[in-house]
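The numbers here are math on the coordinates, done by the rules we state, and not lab data. All figures in this text were calculated on a predicted structure; none of them were measured in a lab. Here the Cβ positions follow ideal geometry from the backbone for every residue, glycine too, while neighbour counts run over all protein chains shown.
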Amino acid sequence: MNAFQLFPEQASSGAREVDWLTFGLVAVTGFYFLIVFLPLVYFSVRYRVGSKASRENPARGSNLIEASWTIIPAIMSLGLFGWGAAVYFHLRKAPADALRVNVVAKQWMWKLQHAEGKREINELHIPIGRAVRLIMTSQDVIHSFFVPAFRAKQDVIPGTYTSEWFKPTRAGEYHLFCAEYCGTEHSQMIGRVVVMQPAEYQRWLTVGNVDVSMVESGRRLFTQLGCSGCHMGSGSVRAPRLEGIFGKPVPVQGDGFVVADERYIRDSILMPAAQISAGYENLMPTFKGHITESDLMQLIEYLRILSADAPRP
Ligand code: CUA
């Protein structure tokens, strides 16, 4: 590594896009800075009070000049906007086949769990060349998951899920920071991201702090917490079936449709009265205070797979 480094390493596909956009912005604003600022200095000196410069040239209007210095910058600015928007949307929308890693932040550590069940703290191990999507929440205050080498930074907010994704392009170890002031030990809320070869990653998943898979944990919770009593099989209570709903719009009372994503499922468990499925009564008790963030994520993983594997009406 160079002693002087202007940018962190580019270790993800998105890093290149973000850097090019940054260079583009600097180039365009630099260009305007020069063509405005240099003449300004020149004219200030040349036409200063008391200078002998001729002031006799009358001002001449030119529609061509007026039009071109309006239209050309307008097109360039819109171009920058379009470019920025394209990069933004690409960086917001994770590919459908991305690996999912669940992140729970708390003062002052990162707790992560991979779909296969492996847990880790303040470290994120991921395979090279594969898109990874983080589904994140916080147990207490706002944190921010920041990996400079990936140019990825996203607030992690209590009470809801946020998400970010990246596709590592280079093996190695990279810094992980909390980038939102979150209390006394905010500066200690750091860690590392380890990008490994795929085979190595598969091996890593099976050693150390390995739980049953998140789907399996979720399936057990679904029974233990009594969800299955109403939402599955032929319970006496009428409750909406949950198979096949994940990622799809579901009808809710009064409000039309809501996409059954992670946030919707989370809210339905913690605040069941908020958005009631159309055609059902508000009977479900809240699970607020009875379920941890990590349990919620496991339940969601289970419902997701339930959707993919068992599309029953
Ligand atoms: Cu967590 Cu700053």
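Remarks
- Chymotrypsin sites (Phe, Trp or Tyr not before Pro) restricted to the stretch 164-243 and DSSP loop, no more than 13 other C-beta within 10 Å: Tyr181
- Global size of the stretch 162-313: 19.1, 55 Å for Rg and Dmax (C-alpha atoms, Rg to one decimal, Dmax whole).
- Annotation note: trypsin sites (Lys or Arg not before Pro) in the stretch 1-61 located in DSSP loop regions with a Cβ neighbour count of at most 10 within 10 Å are Arg48, Lys52, Arg55, Arg60.
- Amide hydrogen proximity for Glu164: with H placed 1.01 Å from N in the peptide plane, the residues at 5 or more positions away or on another chain lying under 5 Å are Leu134.
- Counting lysine pairs in the chain whose alpha carbons fall under 21 angstrom apart, excluding pairs fewer than 8 residues apart on the same chain, gives 11.
- 0 to 90° range, to nearest 10: angle between helix 214-224 axis and the chain longest Cα axis: 50
- Candidates Gly289, Gly218, Gly191, ranked by Gaussian network fluctuation over the chain, Cα under 10 Å, top entry: Gly289
- Calculated [222 nm] ellipticity per residue, helices only, for the chain: -12000 deg cm²/dmol; basis is -39500 (n - 2.57) per DSSP H run with n ≥ 4, divided by all residues, nearest 500.
- Convex hull volume of the Cα atoms of the stretch 15-69, normalised per residue: 86 Å³.
- HN-Hα J in Hz across the stretch 166-180 - Karplus 6.51, -1.76, 1.60, θ = phi - 60°, x for Gly and Pro: 7, 10, x, 10, 9, 6, x, 10, 10, 6, 10, 10, 8, 10, 9
- Kirkwood Rh in Å, taken over all unlike Cα pairs in the chain: 23.4
- Top of Ala171, Ala131, Ala96 by mean-square fluctuation, Gaussian network on the chain, Cα under 10 Å: Ala96
- Interchain or long-range residues, amide H under 5 Å from Trp110's placed H: Asn122
- The amide H of Ala152, built 1.01 Å from its N in the peptide plane, has Val147 as neighbours under 5 Å, considering only residues 5 or more places off or on other chains.
- Checking every one of the GluC sites (Glu not before Pro) in the stretch 13-98 against DSSP loop status and a limit of 15 other Cβ atoms within 10 Å picks out Glu56.
- Largest mean-square fluctuation among Leu225, Leu80, Leu64, in a Gaussian network model of the chain whose springs join Cα atoms under 10 Å apart, belongs to Leu64.
- Taking the C-alpha atoms only, the angle from helix 63-92 to the longest principal axis of the chain is near 20 degrees.
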